[in-house]
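To start, the structure under review is shown below, and the notes come after it.
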Amino acid sequence: MSEQASLFDFEPPPKNTDRLFFAVMPDQNAITAIRALAAELKTQHGMTGRPINDLKLHATLCVLGDFPGMPDALIKSASKAAALVADSTLPFKVSFDTAQTFITGPRHRPLVLTGTEGIVGLSGFYNNLATALLKTSGVRSQASYTPHVTMLYDDVTAAPQSVAPVEWTVRELVLLHSHIDQGRPYTILKRWPF
């Protein structure tokens, strides 16, 4: 076969359809507070973006990555890390008292809840999980971590502002499966109660 003919046999890499990440999810009272706050801030800043669906509200911890299918071996090793960390964790409170836009690009920026003292426990839990994932799975988490809950996406930028604290008691870690560009809710693959 000629070299030119082999060029036409090139197949593009498979498309990533599955994103896996660890997260904590708000309880119903926190979801109600987030929904009300998102509506208030949307009006205050003249935003038009649609609030995140209640079932998708979460604070991301460690991202395992995007894949063209389910990486079963990685899920298995990452689950071991999650179990180790969850077994040594007691329920803890998290409190988000600041709203702001994260500047991620020129458009479609996330309006998020962040915090100060109320997120220290979540930051510590992230560090423990990231260390365990590196040891068991070789997964390297981002160097800097800012605990946050995304409320909506919009082109309007909101400067950081204090808000009434949105808080809940974190009682479990979850492994979420996001179906990339499929418009489906997250699937909770596994839960680890504290």
TODO: Say whether the condition of being among the β-branched types (Val, Ile, Thr), over 23 Å from residue 140 (Cβ atoms) and either part of a helix (DSSP H, G or I) or modelled with pLDDT under 95 (or both) is met by at least one residue in the range 33-47.
DONE: yes
- [ ] Considering every residue within the range 159-176, establish whether at least one is polar (S, T, N, Q) and within 24 Å of residue 19 (Cα to Cα).
- [x] no
Open item on the list: List the residue pairs whose Cβ atoms are under 6 Å apart, where the first residue sits in the range 75-101 and is without any contact (Cβ under 8 Å) to a residue 60 or more places away in the chain, the second is open to solvent by 30 Å² or more (accessible area, probe 1.4 Å), and the two are 6 or more positions apart or on different chains.
Closed with: 80/136; 81/136; 101/109; 101/157
TODO: Restrict the check to the range 5-19 and report whether at least one residue is more than 20 Å from the chain's Cα centre (by Cα) and at pLDDT 95 or above.
DONE: no
Task: Scope the range 166-186; condition open to solvent by 30 Å² or more (accessible area, probe 1.4 Å), within 25 Å of residue 33 (Cα to Cα) and at pLDDT below 95; matching residues - done: 183, 184, 185, 186
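The values are calculated or read from the model by the stated rules, or taken from the named source; none is laboratory data. This one's a predicted model, so the numbers in the text were calculated from it and none came from an experiment. With ideal geometry, Cβ positions are generated from the backbone for all residues, glycine too; neighbour counts draw on all protein chains shown. Areas reflect the complete protein model, heavy atoms only, side chains present, ligands, DNA and RNA absent. Shrake-Rupley method; radii C 1.70, N 1.55, O 1.52, S 1.80 Å.
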